[in-house]
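Read the figures in this text as sums done on the coordinates, not as results from a lab. These figures come from a predicted structure and were not determined experimentally. Cβ atoms come from the backbone with ideal geometry, glycine included; neighbour counts cover every protein chain shown.
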Amino acid sequence: MCYGFLNVIWALSIIPHMIRLTINKVPTLFIKAFTAIDVQTIMEFVRKAATFYSGSSNKILFIDTPITPATVEAVEKLKFERFQVIFRDHHGIDGEPSNSREARVVEATTKLNNLLGVDCHITIRRLHPACSTLVSIGEFKDAIAIIADPDADGLTAAMKAAGISYPELDDDAAKLDGEPQFQVTGSSISQLLAKGMAVLPSYDVSKPKEREIAQQNLFTDWLKAVCGNEPALIRLQAKISLYDDATKVSQSLAKTAITIAPGVVLVDVADKALFDPGTLLSLLENDPECRIIVLRKSLGPIAALHGIQYSLSVTKSYQNKINLHDLVPAQAKSDPEAGIISNVSFLLHTSESIWQQEVLPRLKNLQ
Ligand SMILES: [Mn+2]
């Protein structure tokens, strides 16, 4: 799971999102499990993989997958069906939980530890910036299936586990799973993945499968390119100019930023050309006074339902000081229908009406 900019919340939303790849003969499902349907998808994927499996292990590896109640349920069901589940992840809570979401993660972590014992290794990102460091090369090449997070960290970790790696993979994975400005700083092969991810189309309600298909193709090509496939490499390189154009759009968008409250900047990106969010956010973060960045967007899970969405993120150095949950009513639930999505304290997405009625007045009074 990525460090936590806007794409994270996109992925945490209600939109089903999954990718299937066969890595070194190991069927791999990339999914974030949040709903009963996600649990069912995992079960069906594993059962099908098991019917085609000719080896002698009964291992299922979960790697970099969010520690949610749905994930726990999938693991329980797999155990019940006599699979050996091995769980490796770095999303454990570092210290005491500071909000209800973190408390739920701690609860689910305890359940997984109790269910799996030594087969469960949940650590923290500070110690393991990338999940690839939690497996050795080929450690799970005989597994029946791998379930991984649908991002670059999940992909690199699953590849290494299945036996496909290269010397810089761990270092690249840490960058790919880090903040946007560092994601594109890895080895040349890693940059192809990072830049490809940066220019994936945003979720568009009129083309609900477009982003998922684009990401499936990107993962497939990158896996092939790492294995030395020349046509895949050429296809990935062709995306670089798209990325370069998107960074130029970000540079011009950054110049349109307006300050709407002390340390709060807003950029209207609605209906604009494809831009790179990482470049835009890092340009805005260059101002040490900048505390909160607001993007007004025409694409995204709330925009899909309400037309427009406001996506707020707290800049790195203020993340311990500002809790965006303070900008909405205390009893507010994270619910796209109601116009609010927020799973972490430093990211918040709202509809136009919640923005006008709740968020903006509170922002103006923010200390
Ligand atoms: Mn991760």
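Rounded to whole Hz and in sequence order, give me ³J(HN,Hα) for region 220-234 from the Karplus expression 6.51 cos²θ - 1.76 cosθ + 1.60, θ = phi - 60°, writing x for Gly and Pro.
Coupling constants for region 220-234: 4, 5, 5, 4, 4, 4, 4, 7, x, 7, 5, x, 5, 4, 5 Hz.
Find out how many positive minus negative residues lie around SER317, taking Lys and Arg as positive, Asp and Glu as negative, among other residues whose Cβ is under 10 Å from that of SER317.
+2
Could you size up the charge dipole of the chain around its Cα centre, putting +1 on the beta carbon of Lys and Arg and -1 on that of Asp and Glu, and report it in debye to the nearest 20?
Rounded to the nearest 20 debye, it is 380 debye.
List, in the order given, every pair from LYS272/LYS321; LYS32/LYS111; LYS175/LYS333; LYS111/LYS207 whose Cα-Cα distance in the structure shown is over 27 Å.
Pairs exceeding 27 Å: LYS272/LYS321; LYS175/LYS333; LYS111/LYS207.
Please provide three numbers in whole Å: the alpha-carbon extents of region 184-271 along the principal axes, with the largest listed first.
The principal-axis extents, from largest down, are 50, 32, 18 Å.
Bin all alpha-carbon pair distances of the chain at 10 Å intervals from 0 and give each bin's fraction as a whole percent.
Pairs per bin, as whole percents: 5, 24, 33, 25, 10, 2, 0.
How much mean residue ellipticity at 222 nm does the chain get from its helices, if each DSSP H run of length 4 or more adds -39500 (n - 2.57) and you divide by all residues, to the nearest 500 deg cm²/dmol?
Calculated from helices alone, the mean residue ellipticity at 222 nm is -12500 deg cm²/dmol.
P(r) tail for region 255-364, what percent of Cα pairs lie past 20 Å?
Tail of P(r) above 20 Å: 35 percent of Cα pairs.
Once you compute Rg and the Kirkwood Rh from C-alpha atoms, what is the Rg to Rh ratio for region 224-310?
Taking Rg over the Kirkwood Rh, I get 1.12.
Build a GNM of the chain with springs between Cα atoms under 10 Å: which of MET159, MET197, MET43 gets the top mean-square fluctuation?
Largest GNM mean-square fluctuation: MET43.
Suppose we keep just the alpha-carbon trace of region 7-113; what are its Rg and Dmax in angstrom?
14.4, 46
Test of understanding: what is the full-extension gain from LEU366 to ASP335, defined as 0.36 nm times their sequence separation minus their Cα-Cα distance?
Here the answer is 8.8 nm.
For region 302-367, what is Rg from Cα atoms divided by 2.2 N^0.38 Å, rounded to two decimals?
So region 302-367 has a normalised radius of gyration of 1.04.
Taking +1 at the Cβ of each Lys and Arg and -1 at the Cβ of each Asp and Glu, which of LEU115, PRO180, ALA261 sits farthest along the dipole of the chain towards its positive end, judged by Cα position relative to the Cα centre?
Comparing the listed Cα positions along the dipole, LEU115 ranks first.
Could you tell me what percent of the DSSP beta bridges with both partners in the chain are antiparallel, to the nearest 5?
Taking every DSSP beta bridge within the chain, about 55 percent pair in antiparallel fashion.
Distance in nm between label sites at SER56 and SER317, each 7 Å beyond Cα in the beta-carbon direction?
Simple spin-label model gives 5.9 nm for this pair.
Once Rh is set to the Kirkwood radius over Cα pairs, what Stokes-Einstein translational diffusion coefficient, in µm²/s, holds for region 82-126 at a temperature of 20 °C and a viscosity of 1.002 mPa s?
194
Restricting things to alpha carbons, find the Rg to Rh ratio for region 99-185 using the Kirkwood radius for Rh.
Answer for region 99-185: 1.00.
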